[in-house]
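Taking it in order: structure first as structure tokens, then the write-up.
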Amino acid sequence: MKTLLKFCLVTFFLLTIHNSAYSQKIDIEIDPIAYALKGFSVHAGMNTDHIRYDIGLFGIEVPESLHGNDGFNNYIWGAGAKADYFFNGTDRGLYTGAGIDLTSSRVRLDETGSETSVTQFGAGINIGYKFKVTEHLFVKPWFGLSYLFNANDIEVDGQIFEQASIRPFPTVHVGWTF
């Protein structure tokens with residue numbers, strides 16, 4: 001994951017250089033829900049005519065009510081890249097997109113404290129709406145649906161943590177355009 005972090009930082013630096021050379025808009029956004037779920041979220045993006053390109057780092061402690069496995073704790077963190085298409089040709093309004101991510105999923109059995117981690121690769125689609133609050137501040141509620149290519153059940157101390165291949169993801173991002 002350190003390599004992914006370095007990749008994301010270098011890519012953001014290159015986006016910044018590209019932005020100054022070609023006058024596209026760059027932005028940074030966070031997901032407050034991730035922070036509420038004992039995680040983190042930071043995404044950097046570059047907006048061109050109809051398309052926003054995004055790289056991000058994220059992590060959440062998945063509530064038991066969402067993963068559905070009694071007696072287990074699940075923490076997911078990783079990095080991803082997306083491209084979103086804005087229908088009105090600007091960086092606001094209705095958009096849809098697709099993305100990929102590489103995550104590390106740590107599963108801990110509460111009863112024993114034993115844990116197992118797996119690396120997972122996913123791809124998905126999303127739809128959302130970007131509201132401009134001010135010239136620079138924006139809010140983006142969106143919904144994503146991802147497919148995990150290696151969503152196998154995970155065994156921890158003889159207990160099974162079941163995983164679904166399809167993962168829904170509703171959220172809201174808040175960001176700033178430079």
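Below, the figures for the structure above:
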{"quantity": "Simple Cβ-charge dipole of the stretch 2-172, Lys/Arg +1 and Asp/Glu -1, about Cα centre, in debye nearest 20", "calculated": "800"}
{"quantity": "Of Ile51, Val107, Ile160, farthest towards positive along the dipole that unit charges on Lys, Arg, Asp, Glu beta carbons give the stretch 2-172", "calculated": "Ile51"}
{"quantity": "Interchain or long-range residues, amide H under 5 Å from Gln159's placed H", "calculated": "none"}
{"quantity": "Proxy reagent accessibility, fewest Cβ within 10 Å first, across Val62, Val172", "calculated": "Val172, Val62"}
{"quantity": "Förster radius 25 Å - calculated FRET efficiency between Phe131 and Ala36 (Cβ-Cβ, nearest 0.05)", "calculated": "0.80"}
{"quantity": "Per residue, the convex hull volume that the Cα atoms of the chain enclose (Å³)", "calculated": "103"}
{"quantity": "Exposed-loop-free span, longest in the chain, where GluC sites (Glu not before Pro) count as exposed if DSSP calls them loop and at most 15 other C-beta atoms lie within 10 Å", "calculated": "1-110"}
{"quantity": "Percentage relative contact order, the stretch 2-172, counting C-alpha pairs under 8 Å, at least six apart", "calculated": "14"}
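None of the figures in this text is laboratory data; all of them are computed from the coordinates on show. Predicted model only: the values in this text are computed from it and were never measured. For neighbour counting, all protein chains shown are included, and Cβ atoms are generated from backbone atoms with ideal geometry for every residue, glycine included.
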